[in-house]
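Trainee: Got a structure here, written out as structure tokens. Questions coming.
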Amino acid sequence: MKKNIKYIIVTMALIILAVIFINRSEIWGRRDIVFDKTIADIEFAQSFYISTNAIIIFDGETLYFCDKNGNVAKNIKFAAEKLKAYYANNYVFLYDEDLNKIYQYRDTGELLHNIKIQDELYNIKYLNKEIVLHLKSEEKEMLKILKQDGKLSDLYETGNTILTYDLYKSDKFSVGEILNDATGYKSMLVMVDGQDRKNKEFSAEVCLFVSRKNGRTIMATDKHLYLYNGENELRTEIPNISDILVADRNIYLLHSNIISKYNMKLEQVDKLILSANVSRLTMVSNSLYAYGDSNIGGELGTKAQFYTRLGTTVEEMEISGITIGALKEGKINLYKIINGRNFIGDENE
């Protein structure tokens with residue numbers, strides 16, 4: 001009898017411990033977003049960027065280099081009036097429109113190059129370890145690669161308007177363009193593979209997105225999703241999207257607060273209805289996140305899915321790793337993505 005009672009007590013204790021362990025695992029396994037701090041001493045920020053090593057902020061006159069905790073480590077003031085900041089990978093580029101000159105800085109604040117250009121700078125992207133500049137003149141638009149010595153090499157040029165582009169290698173890339181003719185507007189997809197060049201035209205469609213991986217090109221327009229791989233061509237009709245993300249051989253389309261997931265056969269394999277107003281998609285530690293001007297959804301499509309409302313509408317938001325930055329009225333607020341409740345940030349800092 002005593003042995004049976006002892007057995008029952010031990011069994012019940014093990015069950016209770018197991019329940020506690022499971023509940024604690026669920027709690028600590030959940031992620032959340034909490035306020036960290038407002039970056040001090042910067043009150044008129046125009047743009048910002050979170051790189052691997054730093055938070056970079058530009059207020060129109062001064063470039064600030066902060067550590068990931070928001071502490072200013074270095075600042076550089078400029079006398080020029082017409083400066084615009086572009087961010088790519090671990091670099092910031094300041095474009096002087098009057099002098100047609102680009103100043104390239106590392107995210108540590110080190111000046112790397114002064115780059116003189118002949119045409120207007122429109123955009124800078126970091127694509128598969130290459131820095132690609134999109135330039136415009138009155139007659140044409142150009143894509144150029146910025147080399148490590150600060151010199152530019154020609155990649156592509158066209159008389160049409162370049163809408164989007166992606167690069168796998170310097171001789172394997174795809175460009176989406178738009179042009180007008182007597183019959184109206186149409187988009188054109190140009191796929192370059194070494195000496196081989198293929199053009200595809202799409203009447204009354206606007207190219208929104210291009211992704212290039214070796215021989216495969218994925219393109220989204222305002223009406224269809226296309227996939228080209230060698231001689232294979234696939235197409236499927238899609239709703240009007242606000243963002244698209246290609247990751248792990250999956251294509252995620254965001255539309256009307258719904259995420260539709262497609263495979264590489266352009267078959268829809270999943271649909272997720274979100275509980276927040278969002279407009280952008282990103283990956284955080286291999287998990288799908290979506291965000292808008294006041295809401296963030298994390299770990300989407302998993303049991304740990306969560307939503308955070310910032311309580312205010314922001315002008316710009318950046319997510320990099322576990323750090324989130326939000327710009328509003330010249331101030332940068334920082335937030336952290338945390339596991340469980342192990343955060344000690346102070347909102348009054």
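Trainee: Got a sec? What order do 62, 183, 38 fall in by accessible area at 1.4 Å, biggest, i.e. largest, first?
Mentor: Working: 62 10, 183 125, 38 45 Å².
Result, largest first: 183, 38, 62.
Trainee: From the C-alpha gyration tensor of segment 111-180, pull out the three semi-axes of the equivalent ellipsoid (sqrt of 5λ each), sorted largest to smallest, in whole Å. Walk me through the numbers before you get to the answer.
Mentor: Numbers: eigenvalues 80, 48, 16 Å².
Whole-Å semi-axes of the equivalent ellipsoid: 20, 16, 9.
Trainee: Shifting gears a bit: Cα axis of helix 2-29 to longest principal axis of the chain: angle in degrees, 0 to 90, nearest 10?
Mentor: It is inclined by approximately 20 degrees.
Trainee: Further, regarding this structure: At 1.4 Å probe size, with no ligands or nucleic acids counted, give the accessible surface of residue 255 in Å², nearest ten.
Mentor: Answer for residue 255: close to 20 Å² accessible.
Trainee: Report, by chain and number, residues whose modeled amide H sits under 5 Å from the one on residue 209, excluding near sequence neighbours (fewer than 5 apart, same chain).
Mentor: 220
Trainee: At 222 nm, what helix-only mean residue ellipticity would the chain give, in deg cm²/dmol to the nearest 500, using -39500 (n - 2.57) for each DSSP H run of four or more?
Mentor: Numbers: 1 runs with 28 residues, N = 349.
Rounded to the nearest 500, the figure is -3000 deg cm²/dmol.
Trainee: Just round it to a whole percent: the fraction of Cα-Cα distances in the chain exceeding 28 Å.
Mentor: Details: 33138 of 60726 pairs.
Looking at the chain, the distances longer than 28 Å represent 55 percent of pairs.
Trainee: Name the long-range amide H neighbours of residue 276: under 5 Å, sequence gap of 5 or more, or other chain; modelled H, no Pro or chain starts.
Mentor: Residues meeting the criterion, in which the H sits 1.01 Å from N, do not exist here.
Trainee: With just the Cα atoms of segment 206-260, tell me how far they stretch along each of the three principal axes, in Å, largest first.
Mentor: Principal-axis extents of the Cα atoms in segment 206-260, largest first: 33, 23, 15 Å.
Trainee: Are there GluC sites (Glu not before Pro) in segment 261-320 that DSSP marks as loop and that have at most 12 other Cβ atoms within 10 Å, and which are they?
Mentor: Numbers: sites: 267, 299, 315, 316, 318; in loops: 267, 299, 315.
Answer in residue order: 267.
Trainee: First select every other residue whose beta carbon is under 9 angstrom from the beta carbon of residue 82; then total the charges, Lys and Arg +1, Asp and Glu -1. Let's see the in-between values first.
Mentor: Working: positive: 84; negative: 81, 96, 97, 98.
Value of the local net charge: -3.
Trainee: Could I ask something else about it? With only Lys, Arg, Asp and Glu charged, each at its Cβ (+1 for the first two, -1 for the last two), find how big the charge dipole of the chain is about the Cα centre; round to the nearest 20 debye. Spell out each step's value before the answer.
Mentor: Values: 44 positive and 48 negative charges, 420 e Å.
That gives a dipole near 2020 debye.
Trainee: Moving to a separate point now. From the residues 158, 121, 132, which one has its Cα farthest along the dipole of segment 32-178 in the positive direction, the dipole being from +1 and -1 charges on Cβ of Lys/Arg and Asp/Glu about the Cα centre?
Mentor: Toward the positive end, the furthest listed residue is 132.
Trainee: Calculate the radius of gyration of the Cα atoms of segment 20-172 to one decimal place, then report Dmax, the largest Cα-Cα distance, as a whole number, both in Å.
Mentor: My reading of the Cα-based Rg and Dmax gives 19.3, 69 Å.
Trainee: Can you list the lysines whose alpha carbon is less than 18 Å from that of residue 82, not counting same-chain residues fewer than 8 positions off?
Mentor: Of all the lysines, those that pass the test against residue 82 - Cα under 18 Å, at least 8 places apart if same chain - are 101, 116, 136.
Trainee: With a 1.4 Å probe and every protein chain left in place, work out the accessible area per residue of the chain in Å², rounded to a whole number.
Mentor: Values: 19040 Å² over 349 residues.
Averaged over the residues of the chain, the accessible area is 55 Å².
Trainee: Looking at segment 48-121, which trypsin sites (Lys or Arg not before Pro) are DSSP coil and have at most 11 other C-beta atoms within 10 Å of their C-beta?
Mentor: Numbers: sites: 68, 74, 77, 82, 84, 101, 106, 116; in loops: 68, 82.
Loop-located and lightly packed - 82.
Trainee: Ok, one more. Given N residues in segment 255-314, what is Rg(Cα) / (2.2 N^0.38 Å)? Don't jump to the answer; show the numbers that get you there.
Mentor: On the way: Rg = 12.0 Å, N = 60, 2.2 N^0.38 = 10.4 Å.
Against the compact-globule rule of thumb, the ratio is 1.15.
Trainee: For 219, 188, 283, give the ranking by accessible area with the largest first, probe 1.4 Å.
Mentor: Heavy-atom accessible area, descending, gives 283, 188, 219.
Trainee: With unit charges on the beta carbon (Lys/Arg positive, Asp/Glu negative), name the residue among 85, 232, 313 whose Cα is farthest towards the positive pole of the charge dipole of the chain.
Mentor: In the chain, that residue is 232.
Trainee: Right, another one. Under the rule of at least 5 residues apart or a separate chain, name every residue whose amide H is placed under 5 Å from the amide H of residue 284.
Mentor: 289
Trainee: Report the GluC sites (Glu not before Pro) located in segment 91-198 that are in a DSSP loop and have at most 12 other Cβ atoms inside 10 Å of their Cβ, or state none.
Mentor: The qualifying sites are 110, 138, 139.
Trainee: OK, next. Which ³J(HN,Hα) values in Hz, rounded to whole numbers, follow from the phi angles of segment 275-288 under the Karplus curve 6.51 cos²θ - 1.76 cosθ + 1.60, where θ = phi - 60° and Gly and Pro get x?
Mentor: Result, rounded to whole Hz: 9, 7, 7, 9, 9, 10, 10, 7, 10, 10, 6, 6, 10, 7.
Trainee: Sort out for me the Cα centre separation of segment 277-306 from segment 189-234, rounded to whole Å.
Mentor: So the separation of the two Cα centres works out to 28 Å.
Trainee: Can you compute the FRET efficiency between residue 284 and residue 139 using 1/(1 + (r/R0)^6), with r the Cβ-Cβ distance and R0 = 51 Å? Round to the nearest 0.05. Mind dumping the intermediate values first?
Mentor: Working: r = 42 Å, r/R0 = 0.83.
In this case the efficiency is close to 0.75.
Trainee: Still on this structure: For a Förster distance of 35 Å, can you work out the FRET efficiency between the beta-carbons of residue 196 and residue 80, rounded to the nearest 0.05? Spell out each step's value before the answer.
Mentor: Working: r = 44 Å, r/R0 = 1.24.
Computed FRET efficiency for residue 196 and residue 80 comes out at 0.20.
The values are calculated or read from the model by the stated rules, or taken from the named source; none is laboratory data. Since this is a predicted model, take the numbers as computed values, not measurements. No Cβ is skipped: glycine too gets one built from the backbone with ideal geometry, and neighbour counts run over all protein chains shown. The accessibility values were calculated without ligands, DNA or RNA, using every heavy atom of the protein model including side chains. Shrake-Rupley method; radii C 1.70, N 1.55, O 1.52, S 1.80 Å.
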